Amino acid sequence: MIDNLANALVSVNKEAAVVILGAMPVSELRGAIPLAIALDLSPLKAYMLAVAGNLLPVVPLLLLLRPVSERLRKIPLFDRFFTWLFERTRNKADLIERFEALGLILFVAVPLPVTGAWTGCVAATLFKIRFRYALPAIIAGVLIAGIIVLVLSLAGKGMLTSGA
């Protein structure tokens, strides 16, 4: 599904495809940077576009997740969804529960499935980390994750060893 979406977006505009893929909850940086590198964007441009896309939903999520979820939970279908989402996040977020903002940085910085800016926002909401601490922690985590994914993507393409 992500491949089909990425192909459709790339046919319109490479840079927009990277930003949009970076903003999506499933792909985030883990999908956007490898796509950008595969599209022969420069490493700096790949990093900047993917990070920008990944950070786009952060402020709205941090500000709106709690009030929107509280209202939607009055509808049984949404209540089941948010119960599942929050429980899944709670089970993965021991680090955040123990170390709060520092744990949030580390949680977001590890570019693995079920980590990243989206889940970091859910975790910050769940553990009631204040916006003024959560936002810089998530930004720092995204910047670190971007570097990790960029290095892995360049290594995978052989650009680190070839001097390109």
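What follows is calculated from the coordinates using simple rules that are stated; it is not laboratory data. Everything numeric here is computed off the predicted structure, so don't read it as measured data. Reconstructed Cβ throughout: ideal geometry from the backbone, glycine too, with neighbour counts over all protein chains shown.
Annotations
- Scanning the stretch 129-138 for residues that are within 13 Å of residue 106 (Cα to Cα) and either touching a residue at least 40 places away in the same chain (Cβ under 8 Å) or of a type outside the set (A, V, I, L, M) (or both) yields 134, 136, 138.
- Annotation: residue 91 fulfils all but one of (1) farther than 25 Å from residue 32 by Cβ; (2) crowded, with 20+ Cβ neighbours inside 10 Å; the unmet one is (2).
- If you filter the stretch 20-47 down to residues that are crowded, with 18+ Cβ neighbours inside 10 Å and in contact with a Lys or Arg (Cβ under 8 Å, 6 or more places away or on another chain), you find that the one that is nearest to residue 157 (Cα to Cα) is 37.
- For the stretch 102-160, the tally of residues that are closer than 14 Å to residue 57 by Cα and outside any helix (DSSP H, G or I) stands at 1.
- From 158, 116, 141, 146, residue being free of Cβ contacts under 8 Å to residues at least 60 places away in the same chain, buried (at least 22 other Cβ atoms within 10 Å of the Cβ) and out of contact with any strand residue (DSSP E or B) (no Cβ under 6 Å at 6 or more places or on another chain): 141
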